[in-house]
Structure formats: C-alpha cells, structure tokens
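A.B. asks: There's a structure below that I have some questions on.
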Amino acid sequence: MKSIIFLCTLFWFANAHSSERCPNEKAFLDNGWIIHNEIEFEQILKDTLKILSPQIGRDLVLDDAESYISDFSHDYYLIMWVVIWDRISTGRDEMWGDVAFSRTCPWSGEYTEIRWYDPVTKKKHIVYNPKHCCCLTTKVPLAYNTIF
C-alpha cells in the first residue's frame, strides 16, 4: 500500500511540476520577453494607447495585419485580428515590427493582447487580456528581432 501511495504522490508531483501555467511562457522568457501580469492589462492598454496613438502615421507605420486563432482563448472559435506597427526610427535589423495589437474579430473589437518593443531599454514586452485569453497566444516569434 505504501508503494502505491508513493508512486501516486511521485506521479502527481512530476505532473504538477512539468505543467506550466502557460505553455508558451518559457519560450517567451527564453527569448528575452518581459511578460506583464494580465491583471494589469487594462492599465497597460490605456497607457500604451495614450503613448503610441499620436505616433501612428508619423513614427509608427502599418507593417502587417492578419487574422489569427490562439489555442488559449476562452472561446474556441475566437478569431483575433493582429495589427503590427513598425517604428521608423528603430533600425530594421534591430526590430522588425515594434508594436502588435490583437483584437477580437469581427464582433466586439476588444483588445486581446499587446506586444511592444521599447527602443530605449531594448526589451520586448507582452501582456494578454484575461477576459478573452487564459494564456499568452501560441505565436512565439521565431526570430529574436520580430514582434509577432
């Protein structure tokens, strides 16, 4: 009986230890990303929009826009619309695309995730909206100098 309890405890511990809160979190961290607490999403969104909105069309230009489905949204059928902005003042080899906003599409247009590169600190940041997502999205950039 003791051996069964021991094996069950060992299995539970190994399983609990190997499972992460967010499967992609380690990949983002390993690639130098700063992951912000999702509880701060609304405030980060407000601050980011306040800073970046006046730069659109000046230092920030549209780089790409595409639809995307994350494995970690609360709604299996949620389609996210990702818009990527490139900062002209950031060297192309330093960063390809500097800001990415993901929104629900096509219904409410609410923000689901924000990614941005800070050219002063040279750090990449990410935060997701817990209202729509239970984790970081599945799209981990393959190159160190891409935002999405």
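A.B. asks: For the subset of the stretch 8-50 comprising residues that are on the phi < 0 side of the Ramachandran plot and small (Gly, Ala, Ser), which member is modelled with the highest pLDDT?
C.D. replies: Only one residue tops the list, namely ALA27.
A.B. asks: Another question about this same structure. Give me the residue from the stretch 111-138 that is of a type in the set (D, E, K, R) and out of contact with any Phe, Trp or Tyr (no Cβ under 6 Å at 6 or more places or on another chain) and, out of that set, farthest from LEU29 (Cα to Cα).
C.D. replies: LYS131
A.B. asks: Being out of contact with any strand residue (DSSP E or B) (no Cβ under 6 Å at 6 or more places or on another chain) and more than 16 Å from VAL127 (Cβ to Cβ) narrows it down to one residue among ASP86, ASP64, ASP93; which is it?
C.D. replies: That would be ASP93, the only listed residue that is out of contact with any strand residue (DSSP E or B) (no Cβ under 6 Å at 6 or more places or on another chain) and more than 16 Å from VAL127 (Cβ to Cβ).
A.B. asks: For residues that are out of contact with any helix residue (DSSP H, G or I) (no Cβ under 7 Å at 6 or more places or on another chain) and part of a strand (DSSP E or B), tally how many sit in the stretch 70-103.
C.D. replies: Residues meeting the conditions: 15.
A.B. asks: On to the next question. Any idea how many residues of the stretch 44-69 are of a type in the set (Gly, Ala, Ser) and either part of a helix (DSSP H, G or I) or buried (at least 16 other Cβ atoms within 10 Å of the Cβ) (or both)?
C.D. replies: Quick first cut of the stretch 44-69, residues of a type in the set (Gly, Ala, Ser) only: 53, 57, 65, 67.
Within this subset, residues satisfying the condition of being either part of a helix (DSSP H, G or I) or buried (at least 16 other Cβ atoms within 10 Å of the Cβ) (or both) are 53.
Final tally of qualifying residues: 1.
A.B. asks: Give PHE72, PHE148, PHE101 a once-over and let me know the one that is touching a Cys at 6+ places or on another chain (Cβ under 6 Å) and within 21 Å of LEU29 (Cα to Cα).
C.D. replies: Sole residue among the options that is touching a Cys at 6+ places or on another chain (Cβ under 6 Å) and within 21 Å of LEU29 (Cα to Cα): PHE72.
A.B. asks: Ok, one more. Search the stretch 103-122 for residues that are at positive phi and acidic (Asp, Glu) and pair each with any residue that is surrounded by 13 or more Cβ atoms within 10 Å (Cβ to Cβ) and assigned to a strand (DSSP E or B) when their beta-carbon atoms are under 6 Å apart and the residues are at least 6 apart or on different chains.
C.D. replies: Once the first residue is at positive phi and acidic (Asp, Glu) and sits in the stretch 103-122, no partner that is surrounded by 13 or more Cβ atoms within 10 Å (Cβ to Cβ) and assigned to a strand (DSSP E or B) comes close enough.
The values are calculated or read from the model by the stated rules, or taken from the named source; none is laboratory data. Just so you know, these numbers come straight off a predicted model, no measurement behind them. Counting neighbours? That spans all protein chains shown, and the Cβs are built from the backbone with ideal geometry, glycine included.
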